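Input: a single structure, listed below in structure tokens.
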Amino acid sequence: MMYYLDIETTGVNELVDKIITIQYMALDENSGKPAGQLKILKEWDDVSDEKTILKKFIEVFVPEKEWAFVPVGYNLNFEHKFFLQRCKANELKSIDILNGPFLDLKAIGVLMNNGSFTGSGLDKLTNKQSDGRVIPDWYKEKKYEEIESYIKNETQAYTEFCAFCYA
């Protein structure tokens, strides 16, 4: 099954910054459109922390069954680096999302941007409101509703772009 996959973090350095959300949603394999509800694993939930949300995701991802959860995203290398390092930091078995089937639409975004990586962010090619640089500040300020709103907007922008690519 194909799943939209994204994370939010406290920064861009996987060695020191942590994962604060993991979000995923089933996608229709013929259209790229949503085929289920968006699930957001949040580090700030009552009994959660980074290790807990990683454990919950590992249960869904099932690394041993490579076709059970096919990650689909935009610049999945970012998630990949964070999953590897943050699992290690939390003494968990590593999640390697790029060692099986996956679909990363970043290459299409670069091609749509005349082959340039600069300016090929999802926020530049879709109705996504921003590039996510505000997330660490919102997290420090405990503006969790704003983070969730950002995630929902980003998910909608991504799934519209994905469906456009399928058409």
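Summary of values
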item: Only one of PHE164, PHE102 that is over 20 Å from TRP44 (Cα atoms), open to solvent by 30 Å² or more (accessible area, probe 1.4 Å) and at pLDDT 95 or above; result: PHE102
item: Residue check for SER94: under 15 Å from PHE57 (Cβ atoms), more than 16 Å from the chain's Cα centre (by Cα) and at pLDDT below 95; result: yes
item: All positions within segment 42-60 that are under 21 Å from SER149 (Cβ atoms) and open to solvent by 30 Å² or more (accessible area, probe 1.4 Å); result: LYS42, TRP44, ASP45, ASP46
item: Hits in segment 108-144 - residues which are assigned to a loop (DSSP other than H, G, I, E, B), open to solvent by 40 Å² or more (accessible area, probe 1.4 Å) and either under 20 Å from GLU8 (Cβ atoms) or among the β-branched types (Val, Ile, Thr) (or both); result: THR118, ASN127, GLN129, ASP131, ARG133, VAL134, GLU141, LYS142, LYS143
item: Meets criteria (modelled with pLDDT of 95 or more, closer than 17 Å to PHE161 by Cα and small (Gly, Ala, Ser)) for ALA35; result: yes
item: Number of the condition not met by ILE95 [criteria: (1) farther than 27 Å from TYR166 by Cα; (2) open to solvent by less than 30 Å² (accessible area, probe 1.4 Å); (3) in contact (Cβ under 8 Å) with a residue 60 or more places away in the chain]; result: (3)
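The values are calculated or read from the model by the stated rules, or taken from the named source; none is laboratory data. It should be emphasised that the depicted structure is a prediction, and the values quoted were computed from it without experimental measurement. Cβ sites come from the backbone with ideal geometry, for glycine too, and all protein chains shown count toward neighbours. With ligands, DNA and RNA removed, areas are computed over all heavy atoms of the protein, side chains included. Shrake-Rupley method; radii C 1.70, N 1.55, O 1.52, S 1.80 Å.
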